[in-house]
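Okay, structure first, notes after.
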Amino acid sequence: GAGVSQSPSNKVTEKGKDVELRCDPISGHTALYWYRQSLGQGLEFLIYFQGNSAPDKSGLPSDRFSAERTGGSVSTLTIQRTQQEDSAVYLCASSLSGEGAGELFFGEGSRLTVL
Amino acid sequence: AQSVTQLGSHVSVSEGALVLLRCNYSSSVPPYLFWYVQYPNQGLQLLLKYTSAATLVKGINGFEAEFKKSETSFHLTKPSAHMSDAAEYFCALGESGGYNKLIFGAGTRLAVHP
């Protein structure tokens, strides 16, 4: 597709369930990022993938969060045993490369609501 | 530590009035600075960026921002607001020489009224 695609756009789940969020970056972009957007708190960095390098996982808030990127393209963010504080919009972005000041292209996000 | 502070979570202006959205940063290395805009139900898109060339940066839709090292600021301005400018605006900080692990401010929601 022309832009970054995320699915699902909305997800409502019960506390304790696992969820998977998917990101399909722009074709040819080697860098992929996950951010979390909570109400009134801006964007919080979660994880960064660059090519075949080891990902920067420094922003993941707990070991319930994990992400993978298969074949240098599609990425999945998994949240295990969801908690109410996990409710937020999860944004994926990609860029042509991870270096310098290249533009990040964002998807529309996946809104997660944990009941 | 790096940080970004946006002063004012909500700003309201009249159509045709000056828009001024404030951003201050803290960085121990020369920064890259960005403004992104998020329209309702859309992803963020880049308005403009500063990368140590010209200190006055012009972006899309008539917006511009000036990098002031002495004030550690990167305020966003537009001379005349349009109704279509209503959106949320995010200031972001990156490290020169680093990769695009941007630190975002909390955002400023701009309302434009007739």
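The values are calculated or read from the model by the stated rules, or taken from the named source; none is laboratory data. This structure is a prediction, so every number in the text was calculated from the model and none was measured. No Cβ is skipped: glycine too gets one built from the backbone with ideal geometry, and neighbour counts run over all protein chains shown. Only protein heavy atoms, including side chains, enter the accessible area calculation; ligands, DNA and RNA are left aside. Shrake-Rupley method; radii C 1.70, N 1.55, O 1.52, S 1.80 Å.
Accessible surface of chain A, 1.4 Å probe: 44 percent of it comes from carbon and sulfur atoms. Are there GluC sites (Glu not before Pro) in region A:14-86 that DSSP marks as loop and that have at most 15 other Cβ atoms within 10 Å, and which are they? Sparse-neighbourhood loop GluC sites (Glu not before Pro): A:Glu14.
Rolling a 1.4 Å probe over the protein heavy atoms of region B:13-114, with every protein chain left in place, gives an accessible area that is 53 percent carbon and sulfur. In the context of the full set of protein chains, chain B has a per residue accessible area of 46 Å² (1.4 Å probe). Please report the base-10 log of the normalised intensity I(q)/I(0) for chain A, using a Debye sum with one equal scatterer per alpha carbon and no solvent, at each q in 0.20, 0.23 (1/Å). Once normalised to I(0) and log-transformed, intensities are -1.05, -1.36. In plain terms, chain A is cut at each of the trypsin sites (Lys or Arg not before Pro) found in a DSSP loop with at most 16 other Cβ atoms within 10 Å, and the longest leftover piece is A:18-56. Interface area, chains B and A: about 1700 Å² of buried accessible surface, summed, with a 1.4 Å probe and ligands, DNA and RNA left out.
Projected over every direction and averaged, the convex hull enclosing the alpha-carbon atoms of the protein assembly as shown yields 12.6 nm². In summary, the lysines within cross-link reach of B:Lys69, defined as a Cα separation below 26 angstrom excluding same-chain residues under 8 places away, comprise B:Lys49, B:Lys58, B:Lys78, B:Lys101. Per residue, region A:20-105 exposes 44 Å² of solvent-accessible protein surface, assessed with a 1.4 angstrom probe and all protein chains in place.
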